[in-house]
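**Student:** Handing you a structure now.
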Amino acid sequence: MLLSRLPLACILVFACMTAQAEGRNAALLASSCAACHGTQGHSVGGTPSLAGLDRLYFIEQMQQFKNGERPATVMMQHARGYSEKEIRLLADYFAEQK
């Protein structure tokens, strides 16, 4: 009985470890945004804050920067450097910031 539950337990542990690693990766990715958008997305200057931004809105804006639909001075270059997965991680990270 116990051995039959072992594969499920391994899957659950792996899933938790993966989620924790993605959370750390998101925070690391977001740290590169801090120079302009503030720590954890809380801007103190004229640059828009990212903290608390709706994740779908964030993804849409990043995709527009990435494909050139939304012109910007530096964001087009930054967005092109991120994969779709990284953009989703950033969207989730900033949406969680309050």
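**Student:** Can you give the relative contact order of segment 32-91 as a percent, counting alpha carbon pairs under 8 Å and 6+ residues apart? Don't skip to the answer; put the middle values down first.
**Tutor:** Working: 53 pairs, mean separation 13.9, N = 60.
Reported relative contact order: 23 percent.
**Student:** May I ask you to list the residues of segment 41-58 whose amide nitrogen lies under 15 Å from a point 7 Å from Cα along the Cα→beta-carbon direction of Glu69?
**Tutor:** Answer for segment 41-58: 56-58.
**Student:** Residue separation times 0.36 nm, minus the C-alpha to C-alpha distance between Asp92 and Asn25: what's the value? All intermediate terms of the calculation are to be shown ahead of the outcome.
**Tutor:** Values: separation 67, 0.36 × 67 = 24.12 nm, distance 1.15 nm.
Using 0.36 nm per residue and subtracting the Cα-Cα distance, I get 23.0 nm.
**Student:** Something else: Once amide H atoms are built 1.01 Å from N in the peptide plane, which residues 5 or more positions from Ser49, or in another chain, come under 5 Å H to H?
**Tutor:** Ser43
Since every read-out is calculated from the coordinates, none of them should be taken as a lab result. Computed from a predicted model, the values in this text were never measured in an experiment. Because the Cβ atoms are built from the backbone with ideal geometry, glycine has one as well, and the counts that use them run over all protein chains shown.
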